[in-house]
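The values are calculated or read from the model by the stated rules, or taken from the named source; none is laboratory data. Predicted model, so just to flag it, every value in this text is computed and none were measured. No Cβ is skipped: glycine too gets one built from the backbone with ideal geometry, and neighbour counts run over all protein chains shown. Heads up: the accessible areas ignore ligands, DNA and RNA and are worked out on the full protein's heavy atoms, side chains in. Shrake-Rupley method; radii C 1.70, N 1.55, O 1.52, S 1.80 Å.
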Amino acid sequence: MSDSVTLKWGDKTFELPLIEGTEGEKAIDISKLRQTTGLVTMDPGFANTGSCQSAITFMDGEKGILRYRGYPIEQLAEHSTFREVAYLLIHGKLPTAKEITRFSVLLNDHSLVHEDMRTFFESFPRQSHPMGILSSMVNALKSFYPYLEGAEEEIESTVTRLISKVRTLAAMSYKISRGHLVVYPRPDLSYCENFLNMMFDSPVRPYEIDPDIVQALSVFLILHADHEQNCSTSAVRVVGSGRVNLYAAISAGIAALWGPLHGGANQKVIEMLTDIANGRMTVKEAVHRAKDKEDPFRLMGFGHRVYKTYDPRTRIMKKMYDKLLNKLRIKDPLLNIAAELEEIALKDPYFIDYHLYPNVDFYSGMVLRTIGIPTSMFTVMFAIGRLPGWIAQWKESMDDPNWRISRPRQVYTGSALRDYVPMEDRGGEHKTIPLRQSA
Ligand code: SDX
């Protein structure tokens with residue numbers, strides 16, 4: 001098969017080179033298109049447009065495949081830890097015992113937050129959304145840790161600082177929002193153990209660390225760790241392309257993830273299931289509304305830009321959730337509703353025709369609820385998981401000699417050339433209204 005495509009326009013013919021990836025994916029290289037043809041492409045939402053070549057994550061949306069650095073998500077969820085997957089995504093290889101020990105020491109050394117940052121927390125209104133707090137606090141890290149040198153060890157230090165501190169900031173925001181004493185990280189606990197302990201330990205009721213809950217959290221974070229050029233990762237790459245510091249680029253990623261169509265969906269799924277549980281609508285009404293083009297309601301946790309079959313993460317999440325429920329002997333009223341919704345949707349021609357399957361957000365909130373994480377922090381948990389992926393993607397773009405500032409083109413559809421019109425020639429009321437009356 002040819003390694004180029006031919007573009008015909010009028011009596012002109014242009015050859016455009018093809019790029020082929022490891023798994024046989026092909027892309028038309030249009031990096032010289034405007035220069036050679038005067039044309040640009042149009043692709044709202046970039047559904048058909050690759051922004052980069054990346055060696056980090058591979059997805060096959062038709063087959064439901066997800067691999068981090070070539071390793072299948074199923075194997076990583078089964079055998080790895082979040083700390084190890086974070087190292088894998090950022091460094092491109094599974095760490096040796098020595099490497100993971102050094103990584104863990106750095107995570108521990110950077111786990112505290114500058115005490116002056118606590119005044120920030122106290123200034124946020126109590127009902128502030130944790131994603132808004134997290135995005136602001138991560139941006140503020142630049143003020144407290146101003147130097148991100150080019151040297152490898154400096155980046156290593158900044159990267160582990162971010163991964164460690166974001167976890168501490170999340171737990172701190174939860175404790176302070178409830179007026180509870182902040183719990184500090186402990187050197188004898190693992191990454192996930194520390195998070196759970198900082199969230200739920202208290203002087204009057206010491207938190208008992210349950211290995212099954214720790215494992216469930218680790219798998220949850222692994223499943224969220226990276227996902228190619230999704231909305232928030234693209235935001236990190238675009239903002240990073242202006243050569244801003246890593247903290248600001250990550251803060252932009254957190255803001256993008258907050259959206260209900262993206263990471264914010266995990267909170268919306270629970271709110272939707274709770275509405276059904278409280279009788280505000282039935283499962284059938286939810287499915288009916290989701291299909292009604294006049295109704296903006298969507299079945300949250302369903303559908304995906306890339307997966308046109310079951311999201312591989314959803315299967316793992318559901319299996320882990322069932323295991324947790326059995327272990328903790330919990331009966332979750334939302335589980336039956338979720339199962340009924342899934343069963344009806346998967347048999348409905350609308351969902352079949354549109355290839356709408358449960359995505360990672362459909363069961364993730366159920367797992368978090370079972371662990372005891374408040375709904376308002378669900379998307380923060382997604383951000384903690386996605387952070388190593390954002391960092392890996394940012395680092396890959398910074399190391400790419402061909403990486404340029406992101407600046408898409410457009411097709412202008414506004415007014416043609418016209419001259420300025422003085423106020424008196426614009427018609428309508430001429431008398432001006434004194435400002436105090438118009439306020
Ligand atoms: C994440 O990109 C990633 O990888 C994201 C993510 C990651 O790990 O980073 O996987 C995480 O964000 C998962 C998605 C979480 N969001 C939701 O669950 C929100 C509900 N889902 C949808 O809004 C939607 O499916 C998206 C946003 C996920 C995907 O949107 P697309 O690819 O732009 O698809 P679309 O909106 O163009 O939908 C195509 C058609 C539309 O109908 P038409 O206008 O063409 O007639 O399918 C319909 C949509 O109305 N549709 C839905 C639907 N999802 C799509 N109809 C009802 N309910 C839904 N959930």
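Of all positions in the stretch 131-138, none carries a residue that is without any contact (Cβ under 8 Å) to a residue 40 or more places away in the chain and either among the polar types (S, T, N, Q) or assigned to a loop (DSSP other than H, G, I, E, B) (or both). Residues being loosely packed, with under 15 Cβ neighbours inside 10 Å and closer than 12 Å to ILE270 by Cα: count how many of those fall in the stretch 328-384. Residues meeting the conditions: 1.
Let me spell it out: the conditions are (1) open to solvent by 30 Å² or more (accessible area, probe 1.4 Å); (2) outside any helix (DSSP H, G or I), and GLU193 meets all of them except one. Which number is the exception? Tallying (1) open to solvent by 30 Å² or more (accessible area, probe 1.4 Å); (2) outside any helix (DSSP H, G or I), GLU193 fails exactly one: (2).
Counting only helices (runs of 4 or more DSSP H) that sit completely within the stretch 357-439, those holding 3 or more residues that are hydroxyl-bearing (Ser, Thr, Tyr) correspond to 360-371. Residue count for the stretch 239-274 under the criterion of being within 15 Å of the ligand (Cβ to nearest atom), surrounded by fewer than 24 Cβ atoms within 10 Å (Cβ to Cβ) and more than 10 Å from the chain's Cα centre (by Cα): the result is 6. Just one of (1) over 22 Å from the mean Cα position of the chain (by Cα); (2) surrounded by 19 or more Cβ atoms within 10 Å (Cβ to Cβ); (3) not in a helix (DSSP H, G or I) fails for LEU66. It is (1).
Within the stretch 293-309, residues that are more than 15 Å from GLY61 (Cβ to Cβ) reach partners that are of a type in the set (Val, Ile, Thr) with beta carbons closer than 8 Å, at six or more positions or on different chains, in the pairs LEU299/VAL287; MET300/VAL269; GLY301/VAL269. When ASP60, ASP43, ASP29, ASP3 are screened for being acidic (Asp, Glu) and open to solvent by 80 Å² or more (accessible area, probe 1.4 Å), only ASP3 passes.
Name the one entry in ASP275, ASP212 that is of a type outside the set (Phe, Trp, Tyr), assigned to a helix (DSSP H, G or I) and not assigned by TED's automatic domain parsing to the domain that holds ARG186.
ASP275
Can you find a residue that is away from the ligand (no atom under 16 Å from the Cβ), buried (at least 18 other Cβ atoms within 10 Å of the Cβ) and part of a helix (DSSP H, G or I) anywhere in the stretch 220-230? Within the stretch 220-230, not a single residue is away from the ligand (no atom under 16 Å from the Cβ), buried (at least 18 other Cβ atoms within 10 Å of the Cβ) and part of a helix (DSSP H, G or I). Of all the numbered requirements in (1) part of a helix (DSSP H, G or I); (2) in contact with a Phe, Trp or Tyr (Cβ under 9 Å, 6 or more places away or on another chain), VAL159 misses one, and that requirement is (2). The one condition from (1) over 20 Å from VAL159 (Cα atoms); (2) at pLDDT below 95; (3) open to solvent by 80 Å² or more (accessible area, probe 1.4 Å) that THR413 does not meet is (2). Based on this model, can you work out whether GLU343 counts as assigned by TED's automatic domain parsing to the domain that holds LEU356, in a loop (DSSP other than H, G, I, E, B), without any contact (Cβ under 8 Å) to a residue 24 or more places away in the chain and over 21 Å from the mean Cα position of the chain (by Cα)? In short, no. Here ARG126 passes the criteria (1) surrounded by fewer than 15 Cβ atoms within 10 Å (Cβ to Cβ); (2) modelled with pLDDT of 90 or more; (3) not β-branched (Val, Ile, Thr); (4) not in a helix (DSSP H, G or I) except the one numbered (2). The set of residues in the stretch 290-322 that are more than 9 Å from the ligand (Cβ to nearest atom), surrounded by 15 or more Cβ atoms within 10 Å (Cβ to Cβ), part of a helix (DSSP H, G or I) and basic (Lys, Arg) comprises ARG315, LYS318.
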